[in-house]
Amino acid sequence: MSASPIRTRPLALDINGRRHGPVDVPEDMMLVDVLHEYLGLTGTRFGCGQGVCRACTVIVDDEHGPREVRSCITGAHYFNGKRIRTVEGHAERDDTGRLKALSPVQQAFLDHFSFQCGYCTPGFVNAATVLLERLAKRPIAHSEVEHTITEALDPHLCRCTGYVRYYQAVKQLVLETPGLVRDTEAARKPREGTP
């Protein structure tokens, strides 16, 4: 008895501003496998394989704005024709591909020593990036900062328990980036009648 052939379909993606494909990809292949095996983009991590740890998170940019999608449980063909960002696409590079500058999120994580093994970092970078981009369009009140950051980062798991430093890095970045928090200046000024 012969094995049935693997069914494939053409897949075309826009990843980090570059067009890839169309290339024939198995119909049931997950995006994380396409990134690793077909495109050599290994920054997106395969962690639990069940979409729970979110190390595999990529950013999809569409008419609704940026959003996180778990690439280990989402079939590659779902992304056909879509614009995707992986962790490799955040840093600024020169024409030869050499690193010029990290993204603000990446730099904040380094400055706060936010990670140990770094396996979960790509997911956290993408989550924080989506958060900052959303806040740039819809700033929040100073009183909502902690809850908003917790809500954005909570779904991501860090097995080294680096949560506090990730959180601190994002909080500082949110508070120091102009336009993300509506009443930052008012919150910093002492109230009338207080020393």
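The values are calculated or read from the model by the stated rules, or taken from the named source; none is laboratory data. Everything quoted here is computed from the prediction, not taken from an experiment. With ideal geometry, Cβ positions are generated from the backbone for all residues, glycine too; neighbour counts draw on all protein chains shown. Areas reflect the complete protein model, heavy atoms only, side chains present, ligands, DNA and RNA absent. Shrake-Rupley method; radii C 1.70, N 1.55, O 1.52, S 1.80 Å.
Side notes on the structure shown:
- When the residues of the stretch 1-37 are filtered to those that are assigned to a strand (DSSP E or B) and free of Cβ contacts under 8 Å to residues at least 12 places away in the same chain, the one that is least open to solvent (accessible area, probe 1.4 Å) is Gly21.
- Of the numbered criteria (1) of a type in the set (A, V, I, L, M, F, W, C); (2) more than 18 Å from Gly21 (Cα to Cα); (3) out of contact with any Phe, Trp or Tyr (no Cβ under 6 Å at 6 or more places or on another chain), the one Val60 fails is (2).
- In the set Gly40, Gly51, only one residue is closer than 20 Å to Leu11 by Cα and either without any contact (Cβ under 8 Å) to a residue 24 or more places away in the chain or surrounded by fewer than 17 Cβ atoms within 10 Å (Cβ to Cβ) (or both); that residue is Gly40.
Here is a yes/no grid of residues against (1) within 14 Å of the chain's Cα centre (by Cα); (2) surrounded by 14 or more Cβ atoms within 10 Å (Cβ to Cβ); (3) under 12 Å from Leu180 (Cβ atoms); (4) modelled with pLDDT under 95:
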{"site": "Lys100", "(1), (2), (3), (4)": "no, no, no, yes"}
{"site": "Pro104", "(1), (2), (3), (4)": "yes, yes, yes, no"}
{"site": "Phe115", "(1), (2), (3), (4)": "no, yes, no, yes"}
{"site": "Leu132", "(1), (2), (3), (4)": "yes, yes, yes, no"}
{"site": "Pro139", "(1), (2), (3), (4)": "no, yes, yes, no"}
{"site": "Cys160", "(1), (2), (3), (4)": "no, no, no, yes"}
{"site": "Arg165", "(1), (2), (3), (4)": "no, yes, no, yes"}
{"site": "Gln168", "(1), (2), (3), (4)": "no, yes, no, no"}
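- Number of residues in the stretch 66-88 that are in contact (Cβ under 8 Å) with a residue 60 or more places away in the chain, of a type outside the set (Lys, Arg), under 23 Å from Leu102 (Cβ atoms) and open to solvent by 10 Å² or more (accessible area, probe 1.4 Å): the value is 3.
- Qualifying residue in the stretch 123-136 (condition: aromatic (Phe, Trp, Tyr) and part of a helix (DSSP H, G or I)): yes
- Residue check for Ala55: outside any loop (DSSP other than H, G, I, E, B) and either closer than 28 Å to Tyr167 by Cβ or among the aliphatic types (A, V, I, L, M) (or both): no
- Candidates in the stretch 72-107 are the residues that are of a type in the set (A, V, I, L, M, F, W, C) and touching a His at 6+ places or on another chain (Cβ under 8 Å); of these, the one that is farthest from Arg134 (Cα to Cα) is Leu102.
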